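Working notes, beginning with the structure itself.
The values are calculated or read from the model by the stated rules, or taken from the named source; none is laboratory data. Remember, predicted model here, so these are calculated numbers, not experimental data. In this analysis, Cβ positions are derived from the backbone assuming ideal geometry, glycine residues included, and neighbour counts consider all displayed protein chains.
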Amino acid sequence: MKKLVLIAMLAATTAATPAFAGNFYFDVDFTSDTDSTVANLVLKTSDTLNAVGDYDVTGIAGNVNGVAVTGLVANPDQPNYSLWGGIFSFDDRFNPAGNPFLTNPGVLFTLQDGHVDNLYSIGATGPDNYQLIPSLNNQYEPTVTGNISVRQISSPAPEPASWAMMLGGFGAIGGALRRRQVASLRFA
């Protein structure tokens with residue numbers, strides 16, 4: 001019986017794959033090389049990779065030069081890119097590989113002052129080639145080039161199936177301990 005429980009526990013732990021419920025959150029700080037533009041953003045992404053191997057960006061918060069971000073422009077053609085206002089192409093995707101990066105054509109979001117901004121990678125990969133393009137009334141404003149730093153700021157919670165497997169394992173261990181025979185001491 002002990003061997004069976006031990007084998008079952010070993011099989012459960014080696015066969016289990018991490019599964020997550022919820023979202024990933026990434027802190028993205030953009031700093032301009034050409035002027036004083038600074039953007040501090042928090043991206044909320046899906047918890048699973050899409051068909052092209054990226055996370056879909058599902059929400060955004062933060063500010064650009066102190067002006068609050070009011071929302072993400074949703075991409076109706078996910079994971080492909082969409083066109084907004086005849087001037088911006090965007091895909092709202094975030095690539096987690098290696099150095100995590102925003103894809104090109106990037107993420108499109110609105111600001112409290114009426115601007116619509118597009119932040120995207122102009123390089124193939126990596127955190128150091130980005131452009132932030134602001135627009136107002138469907139007109140481009142000067143493009144700002146810079147770099148970003150990215151860090152994950154929270155980890156997702158395990159999904160209910162993971163919790164159930166863990167509790168089942170504790171139950172199996174408890175049952176095995178309860179059934180084991182205790183050696184009795186006899187005094188002569």
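Worth pointing out:
- Some residue of region 102-118 being surrounded by 12 or more Cβ atoms within 10 Å (Cβ to Cβ), at pLDDT below 80 and not in a strand (DSSP E or B): no
- Residue within region 82-101 that is in the same structural domain as Val28 (by TED's automatic domain parsing), in contact (Cβ under 8 Å) with a residue 40 or more places away in the chain and within 18 Å of Ser32 (Cα to Cα) present: yes
- Residue that is modelled with the highest pLDDT, among those in region 124-152 that are within 25 Å of the chain's Cα centre (by Cα) and loosely packed, with under 11 Cβ neighbours inside 10 Å: Arg151
- Number of positions in region 68-88 that are closer than 20 Å to Tyr130 by Cβ and exposed (fewer than 15 other Cβ atoms within 10 Å of the Cβ): 1
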